[in-house]
């Protein structure tokens with residue numbers, strides 16, 4: 001499971017002050033704790049700082065790579081900010097978060113993917129908006145995959161995001177996301193699937209239980225990546241358990257190791 005650690009994000013009130021004050025130790029500590037907890041990539045997002053987003057994003061990347069070589073997911077609505085982050089990056093092959101099939105966004109991001117040989121999260125939305133049905137989402141995913149590979153991007157560098165929406169605003173949104181994952185993975189087995197897991201529970205109580213349950217269902221459908229909080233020990237326990245149950249952990253060795261290390265919460 002490819003874990004993209006979500007905690008260094010300016011939308012989170014708990015970490016925004018450390019970005020504002022340029023608190024290196026707080027940022028570095030949070031990055032290292034996410035890595036220790038299982039993050040494969042560290043997501044960095046400074047999007048709430050509209051006036052100096054690029055500057056803060058560059059500072060985040062330079063600060064974190066002083067203490068680790070784990071790669072980044074560079075997360076921004078601004079292509080210019082992403083470019084700044086890519087130029088600052090020294091931690092190997094990053095993920096650009098994200099591209100869509102919207103013409104303006106696609107045209108802005110595709111040159112960056114090619115120039116920096118980056119991986120990319122591709123969201124199932126286009127200029128008509130966020131699709132409601134499985135069929136529309138799969139069609140957009142197909143278009144994105146075909147266009148990206150046509151530009152020379154490898155299947156292994158593409159992460160399709162099925163666009164998880166809150167089930168509190170539509171009871172069908174959970175099954176739509178899960179079935180989108182299943183169909184995309186069946187049609188394009190070499191492509192990765194990654195999503196913002198916690199979107200599914202937005203606005204509801206007991207969010208962690210919903211997130212954990214959705215995680216298991218999505219992994220069973222073929223999801224092999226997620227933007228999550230790796231410091232949520234219970235959630236990570238479900239990751240290790242589900243991988244074992246799906247036959248992706250030979251002889252349950254990873255599960256047993258994590259249990260012995262005290263990383264499995266029962």
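Readers should treat all values here as calculations from the given coordinates under stated rules, not as data from a laboratory. On a predicted model such as this, the values are computed, not experimentally measured, just so you know. Neighbour counts are summed over all protein chains in view; Cβ atoms, including those assigned to glycine, are modelled from backbone coordinates with ideal geometry.
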Subject >> Exposure proxy order (Cβ contacts within 10 Å, fewest to most) of 57, 197, 210 >> reply: 210, 197, 57
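Looking only at the chain, where both bridge partners belong to it, what percent of the DSSP beta bridges are antiparallel (to the nearest 5)?
Values: 1 of 29 bridges.
Around 5 percent antiparallel, to the nearest 5.
Let me make sure I get this right: for the stretch 118-266, a, b and c are the square roots of the gyration tensor eigenvalues over alpha carbons, sorted descending. Under 1.5 in a/c it's rounded, otherwise prolate if a/b > b/c, else oblate. Which is it? All intermediate terms of the calculation are to be shown ahead of the outcome.
Details: a/c = 2.27, a/b = 1.36, b/c = 1.67.
Cα axes put the stretch 118-266 in the oblate bin.
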**OP:** At q = 0.19 Å⁻¹, work out log10 I(q)/I(0) for the stretch 25-116 with the Debye formula, treating every Cα as an identical point scatterer and leaving solvent out; two decimals please.
**Re:** -0.84
**OP:** Using Cα centres only, tell me the gap between the stretch 191-220 and the stretch 67-131 in whole Å.
**Re:** 23
Original post:
When the Kirkwood radius is taken over all Cα pairs of the stretch 1-72, what Stokes-Einstein diffusion coefficient follows at 37 °C and 0.692 mPa s, in µm²/s?
Top reply: 273
Original post:
Taking only C-alpha pairs under 8 Å that are 6+ residues apart, what is the relative contact order of the chain in percent?
Top reply: 15
**OP:** Return the inverse of the average 1/r over all pairs of distinct C-alpha atoms in the chain, which is the Kirkwood hydrodynamic radius, in Å to one decimal.
**Re:** 18.8
